[in-house]
Amino acid sequence: MGSYQACLSVLFFLLCGLFALRQSFGIRTDANETAHLSVNASEASGWKIPETLFGLFFEEINHAGAGGLWAELVSNRGFEAGGPNVPSNIDPWSVIGEESSLIVSTDRSSCFSRNKVALRMDVLCDMEGVKTCPARGVGIYNPGFWGMNIERGKTYKVVFYITSQDSVNISVSFASSDGSQILATANIIASASVVSNWTKQEVLLKATGTNPNSRLQLTTTRKGVIWFDQVSAMPLDTYMGHGFRKELVEMLASLKPRFLRFPGGCFVEGEWLRNAFRWRETIGPWEERPGHFGDVWMYWTDDGLGYFEFLQLSEDLGALPIWVFNNGISHNDQVNPATVLPFVQEALDGIEFARGDPGSKWGSLRAAMGHPEPFDLKHVAIGNEDCWKSNYKGNYLKFYNAINKTYPDIKIITNCDGSSGPLDHPADLYDFHVYTSANNMFSMAHQFDHTPRTGSKPKAFVSEYAVTGSDAGSGSLLAALGEAGFLIGLERNSDIIDMASYAPLFVNSNDRRWSPDAIVFNSWQQYGTPSYWMQQFFAESSGATILSSTLQASSPNSLIASAITWKNTNDNNNYIRVKIVNFGGNTVNLKISVNGLDPNSIRLFGSTKTVLTSKYVMDENSFREPKKVVPIQSLFKNIGENMDVVLAPHSFTSIDLLKKPYNPVITQVSDVKASV
Ligand code: AHR
């Protein structure tokens, strides 16, 4: 090869490299494209989107609940995480003081029959004498879930159970992670006669300082033996006072979810049945719950966030609860249809707990927990991702028949995909899960276009969707755009799709088991990934009317749009919302025409344009830059017959047109004459 040719091939490879870089990092080109979106404003051209279309899927994964949504600050509050055999690991509890001053161990002396392990603390030092305790005392501390967020001026309720043969004087404090800064403290003093049997102690601590990496300390300077069990610390300020971490639920509430699917996912199945979530073990007084080790996501939960709390959370969010229960199948073992009846009974009991009369066996337990009114449980899912397993269909039918007979109004969800052909078993809805690349997800906007429309049942429940892998990173703009395209496809097919939810919802950044997730948090901060913000664009879609629309574009494979009309119940105004995803790297000049709507009937003030985009398509939010990729709203001024909108490369745009209220002008005949 001559040097000229060599130069040419180097140049060629350089250009190829640059092109590849541009593709993978989404570097923008200046090329403009044009497109035209024609929307038919007549509601008769479309149909009503199901009231339930967009909701949430909460799974106990990534410490989403324990150490997350559930505001309990103490991790391993009952000392059960180390297993039932003693001595056991008390992690993350640890000791304050030297070995010569105290010995800490576990035994099975708890007063709670379902969680027998208690902590025994032998204090060897005393207030005076040869072996004097350090002034700050000796004892135990709990660092919470990677640090407790203690905030100045806020009050926390600390509850624990103790017993001792001697009188006790215990300091209960919140302190910095090394114990040097005390943020709140109180003393529990009790005589031997009071604590000779297990007694409950309760104290309110008001913090005088702020530290997001605090710990709870239980210390003493008195010699003796004290047993501790079920130690809890909760902020008083929780969402609706129901124990949920406020800022996290507020993020959920702003998505206006219409349903809440819970508690998993694989969490429901377990690697092994013996470690699956069993609702009966998660209700009643928190102290009596045994807790369990979730062996799929590999961590212990005290089950403070139990079945009752999930139902309560759904109610607090104004969302329908969708309970996924175990169908006798885990990842590695299965009960067969001949022996599945006890599991069927367990599910029936769970339904009775949720909505049975307060006089019924299980309904009375719900009433005793403070909720005599039934919860609005109308949907249950039989298992999770189990369709392909040998016992699924056999087990499913046992559950289906029993539930359908006792609760004919309950909608039953199968794990088997009914999108491409009829199912061989009865169901009201079928589960559809998709985790894929951004390109695939965007093109899956058309996944349901060809699903047969014959018969009304079963409809689809896209209960888990997300862009994953290298396109998603820990939550990129690119992922959100792929998903936005997919959701527009779901809206457009919402005659056969009833529900959809992103997965997973939460990640505690200290225990990332699955990435990406919609909301990232630690003990004191939280932010939404672009996929979280993308969902905000669909908050008004459930129950709205989808309008017929046609998009003509020079690059139709990277543009998708939908239009809805919806009523804002806060201001009683009607809006038309047009959403467009520009998945490509070019700027698009879009002309929107709304046929059948007089442009004069749109209000200038109150009409807005909201855009989700960023400099680079792989941009993500982070604790340092939580608002790097968030929707930006501005007034939309180009109102007219043809509305020009510039769609930035890699962007999601929503145009909200505020329709003027209909104020018919009553014209007098004489006025007409006068004006002629
Ligand atoms: O969302 C994470 C996991 O993905 C869910 O537990 C499971 O249903 C799916 O495989």
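Counting Lys and Arg as +1 and Asp and Glu as -1, what is the net charge of the other residues whose Cβ lies under 10 Å from the Cβ of Thr610? Computed value for this residue: +2.
Could you do me a favour and compute the accessible area per residue for the range 519-588, 1.4 Å probe, result in Å²?
On a per-residue basis, the range 519-588 sits at 31 Å².
In a DSSP loop and with at most 12 other Cβ atoms within 10 Å, the trypsin sites (Lys or Arg not before Pro) in the range 68-114 are Arg108. Counting 0.36 nm for each residue step from Asn336 to Ala402 and taking away their Cα separation leaves a gain of 22.1 nm. For the range 86-120, the residues whose backbone nitrogen is under 20 Å from a point 7 Å from the Cα of Ala368, taken along Cα to Cβ, are 111-116. Taking amide H atoms as placed 1.01 Å from N in the peptide plane, the amide H of Asn573 lies under 5 Å from those of Asn568, each 5 or more residues away in sequence or on another chain. If you model the range 291-436 as an ellipsoid using its alpha carbon gyration tensor, with each semi-axis the square root of five times an eigenvalue, the axes come out at 25, 19, 16 Å, biggest first. Shape index of the range 463-591: Rg/Rh, with Rg the Cα radius of gyration and Rh the Kirkwood radius from the inverse mean 1/r over Cα pairs, equals 1.00.
The accessible area of Trp146, taken with all protein chains in place and a 1.4 Å probe, comes to roughly 110 Å².
Shown is the FRET efficiency for Gln552 and Val86, computed with R0 = 56 Å from the Cβ-Cβ distance and rounded to the nearest 0.05: 0.20.
Ordering Ile488, Ile90 by accessible surface, largest first, gives Ile90, Ile488; the 1.4 Å probe counts only protein heavy atoms, with every chain in place.
Can you sort Thr608, Thr406 by 1.4 Å-probe accessible area, starting with the largest?
Descending order: Thr406, Thr608.
Annotation: per residue accessible area for the range 135-228 equals 41 Å², rounded to a whole number [probe 1.4 Å, protein chains only]. Separation of the range 571-617 and the range 241-259, taken as the distance between their Cα centroids, equals 28 angstrom. When the listed pairs Lys378/Lys579; Lys48/Lys457; Lys154/Lys200; Lys131/Lys223; Lys457/Lys567 are checked against a 21 Å cut-off, the alpha-carbon distance exceeds it for Lys378/Lys579; Lys154/Lys200; Lys457/Lys567.
Just the protein heavy atoms count here, and of the accessible area of the range 139-281 at 1.4 Å, carbon and sulfur take up 49 percent.
Look at where the Cα atoms of the range 457-526 and of the range 139-211 average out, and the two centres are 40 Å apart. What fraction of the Cα pairs in the range 267-343, stated in percent, has a spacing above 17 angstrom? Cα-Cα pairs of the range 267-343 separated by over 17 Å account for 51 percent. A Förster distance of 35 Å, applied to the separation of the beta-carbon atoms of Ala539 and Arg624, puts the FRET efficiency at 0.85. The long axis of helix 3-25 is offset from the longest Cα principal axis of the chain by roughly 70 degrees. Does the range 362-407 come out rounded, prolate or oblate by the C-alpha gyration tensor, with a ≥ b ≥ c the root eigenvalues, rounded set by a/c under 1.5 and, if not, prolate when a/b is larger than b/c and oblate if not? It comes out prolate by the Cα gyration axes. On C-alpha positions alone, give me the angle between the axis of helix 477-492 and the longest principal axis of the chain, in degrees, nearest 10. Rounded to the nearest ten degrees, it is 70. Calculated FRET efficiency, Gln181 to Met298, Cβ-Cβ distance, R0 = 35 Å: about 0.60 to the nearest 0.05.
Looking at the range 556-617, the trypsin sites (Lys or Arg not before Pro) that sit in a DSSP loop and have at most 15 other Cβ atoms within 10 Å of their own Cβ are Lys615.
In the chain, helical runs assigned H by DSSP with n ≥ 4 each contribute -39500 (n - 2.57); averaged across all residues and rounded to the nearest 500, the mean residue ellipticity at 222 nm is -5500 deg cm²/dmol.
For the chain, dividing the convex hull volume of the Cα atoms by the residue count gives 238 Å³ per residue. Loop-resident chymotrypsin sites (Phe, Trp or Tyr not before Pro) (DSSP state other than H, G, I, E or B) in the range 347-433 with no more than 13 further Cβ atoms inside 10 Å of their Cβ: Trp388. Ordering Thr220, Thr155, Thr454 by accessible surface, largest first, gives Thr454, Thr155, Thr220; the 1.4 Å probe counts only protein heavy atoms, with every chain in place. Overall, the accessible surface of the range 444-499 at a probe of 1.4 angstrom is composed of carbon and sulfur to the extent of 50 percent.
Quick check: from the Cα gyration tensor, does the range 527-623 come out rounded (a/c under 1.5), prolate or oblate? Taking the square roots of the gyration eigenvalues as a ≥ b ≥ c, the range 527-623 is oblate.
An oblate overall shape is assigned to the range 61-161, the ratio a/c of its alpha-carbon gyration tensor axes (a ≥ b ≥ c) being 1.5 or greater and a/b not exceeding b/c. The long axis of helix 392-406 is offset from the longest Cα principal axis of the chain by roughly 90 degrees. Which of the listed residues, Leu590, Ile90, Ser494, is farthest toward the dipole's positive end in the chain, when Lys, Arg count +1 and Asp, Glu count -1 at the beta-carbon? Working it through, the farthest residue towards the positive pole turns out to be Leu590.
The values are calculated or read from the model by the stated rules, or taken from the named source; none is laboratory data. Keep in mind that this is a model prediction, so the values were computed, not measured. Cβ: placed from backbone, ideal geometry, glycine included. Neighbour counts: every protein chain shown. Protein only, heavy atoms only, side chains kept; ligands, DNA and RNA dropped before computing areas. Shrake-Rupley method; radii C 1.70, N 1.55, O 1.52, S 1.80 Å.
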